[in-house]
Amino acid sequence: MNATALSARLEAVLERVSRAADRSGRWPGAVRILPITKGHPPEMLHLVAEAGFEAIGENRVGEAEEKRTHAGKLDLRWHMVGHVQRNKAVRALRTFDAIDSVDSFRLGLKLSAEIARAGREVLPVLVQVNASGEATKEGFAMEEAVQEMDRICSLPGLEVRGLMTMAPYTSDEEILRHVFRHTRECLQRCRDEVAGFEGRTLSMGMSNDFEIAVEEGSTEIRLGTILLGERPRG
């Protein structure tokens, strides 16, 4: 991957986002792209920053720690998009600017307890919901999401900005639309029922399904392969 190739990929993605937004009567600029750099070498971070991105997503604490030592003074915000084990919460707080995958109250409680000790005042987070009901997916069940959102919003130091979900890896458009629509409706319920919650971020959609996610209301799509190419092997 080089700057020219990344620019071409980005242009193609933006065109697809624009068409998807048009189909649903949305403004394309309302959809952010979060490049997912997991598995890519540190050099990719420089290309992403040069392309104008302000944030990247990683899903492993150890990998992100190592990359940050090579990133120098790159002006990027680091988002954790993978599962955070509670015993790695302190390391995650030191490494990431935001946690987009708070998938349990116990994790929220641990992060809240460690924020001040990590020298931070506030931590932006997204609450992860398991909208598909898959046993292999992390996140709150949809029927408990509003109650758990209320509990997490009460924790000191956490700035809850919205919801995140991962759809099943499938080409079945009906399934994907159901998952994304259900998540959008869940976010609206949280706004309606959780006092003081004004979360506007709806993070859903990846390389294989981002157009459908945009049509169903996503405000942030998490793109890896389609934007940055295949991850190097070995």
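Packing-wise, with mean Cβ within 10 Å as the measure, how do 168-175, 215-222, 41-48 rank, highest first? Numbers along the way, then the final one.
Working: 168-175: 11.2, 215-222: 23.2, 41-48: 17.5.
With the highest mean Cβ count within 10 Å placed first, the list reads 215-222, 41-48, 168-175.
Kirkwood analysis of the Cα pair distances in the stretch 1-120 returns a hydrodynamic radius of 15.9 Å.
Just so you know, the Cα atoms of the stretch 50-175 work out to an Rg and Dmax of 15.2, 46 Å. The phi torsions of the stretch 173-178, fed into the Karplus equation with coefficients 6.51, -1.76 and 1.60 and a -60° offset, translate into couplings of 4, 4, 5, 4, 4, 4 Hz, rounded to whole numbers, with Gly and Pro shown as x.
Taking the three principal axes of the alpha carbon atoms in the chain, the coordinate ranges are 46, 42, 31 Å, sorted in descending order.
Tell me the mean residue ellipticity at 222 nm calculated for the chain from its helices only (DSSP H runs of n ≥ 4, each -39500 (n - 2.57), averaged over every residue, nearest 500). Intermediate results must be reported in sequence, preceding the final value.
Values: 9 runs with 98 residues, N = 234.
Result for the chain: -12500 deg cm²/dmol, rounded to the nearest 500.
In whole percent, what relative contact order does the stretch 1-101 give with Cα contacts below 8 Å and a gap of six or more residues? Worked out over the stretch 1-101, it gives 22 percent. In order along the stretch 181-192, phi translates into HN-Hα couplings of 5, 4, 5, 4, 5, 5, 4, 5, 4, 4, 4, 6 Hz, rounded to whole numbers, per the Karplus curve 6.51 cos²θ - 1.76 cosθ + 1.60 with θ = phi - 60° and x for Gly and Pro. As an exercise, find the ratio Rg/Rh for the stretch 57-108 from alpha-carbon atoms, using the Kirkwood inverse-distance average for Rh. With Rg and the Kirkwood Rh in hand, the quotient comes to 0.96.
Shown here for the stretch 73-146: GluC sites (Glu not before Pro) in loop regions (DSSP other than H, G, I, E, B) with at most 12 other Cβ atoms within 10 Å, namely GLU121.
Which residue, GLU211, GLU58, GLU198, has the most motion in a Gaussian network model of the chain that connects Cα atoms within less than 10 Å? Among GLU211, GLU58, GLU198, the largest GNM mean-square fluctuation belongs to GLU198. In this structure the amide hydrogen of ILE36, modeled in the peptide plane, comes within under 5 Å of the amide hydrogens of GLY57, LEU223, GLY224, none closer than 5 places in sequence on its chain. Annotation: average projected area of the stretch 158-234 is 6.5 square nanometres, based on the convex hull of Cα atoms across all directions.
Could you work out the relative contact order of the stretch 64-156, using alpha carbon pairs under 8 angstrom and six or more residues apart, expressed as a whole percent? Working shown, then result.
Values: 115 pairs, mean separation 22.4, N = 93.
So the answer I get is 24 percent.
Apolar share of the accessible surface for the chain: 46 percent from carbon plus sulfur atoms, 1.4 Å probe.
Under a 5 Å amide H cut-off, with hydrogens placed 1.01 Å from N, ASN130 pairs with PHE140, ALA141, MET142 among residues at least 5 apart or on other chains. For the stretch 45-64, the residues whose backbone nitrogen is under 18 Å from a point 7 Å from the Cα of ALA8, taken along Cα to Cβ, are 47-48, 51.
The charge dipole of the stretch 1-125, taken about its Cα centre with unit charges on the Cβ atoms of Lys, Arg (+1), Asp and Glu (-1) only, comes to about 440 debye. The dipole here belongs to the chain: it is taken about the Cα centre, uses +1 on the Cβ of Lys and Arg and -1 on the Cβ of Asp and Glu, and is about 660 debye.
Each Cα pair under 8 Å and six or more residues apart adds its separation to the average, and for the stretch 100-234 the resulting relative contact order is 21 percent.
Treating the beta-carbon of each Lys and Arg as +1 and of each Asp and Glu as -1, no other charges, what is the dipole magnitude of the stretch 18-59 about its Cα centre, to the nearest 20 debye?
Details: 5 positive and 5 negative charges, 70 e Å.
In total the dipole reaches around 340 debye.
The mean accessible area for residues of the chain, using a 1.4 Å probe and ignoring ligands and nucleic acids, is 50 Å² per residue.
Once the piece of chain linking ARG177 and ALA30 is laid out straight, how much longer is it, given 0.36 nm per residue of separation minus the C-alpha distance between them? Spell out each step's value before the answer.
Working: separation 147, 0.36 × 147 = 52.92 nm, distance 1.91 nm.
Residue separation times 0.36 nm, minus the Cα-Cα distance, leaves 51.0 nm.
Report the residues of the stretch 123-158 in range of a label on GLU198: point 7 Å along Cα→C-beta, backbone N strictly under 20 Å from it. The answer is 123-127, 149-158, whose backbone nitrogens lie closer than 20 Å to the label point.
The values are calculated or read from the model by the stated rules, or taken from the named source; none is laboratory data. It should be emphasised that the depicted structure is a prediction, and the values quoted were computed from it without experimental measurement. Glycine gets a Cβ as well: all are built from the backbone with ideal geometry, and neighbour counts include every protein chain shown. Each accessible area value is taken on the protein alone, full model and side chains, heavy atoms only, with ligands, DNA and RNA left out. Shrake-Rupley method; radii C 1.70, N 1.55, O 1.52, S 1.80 Å.
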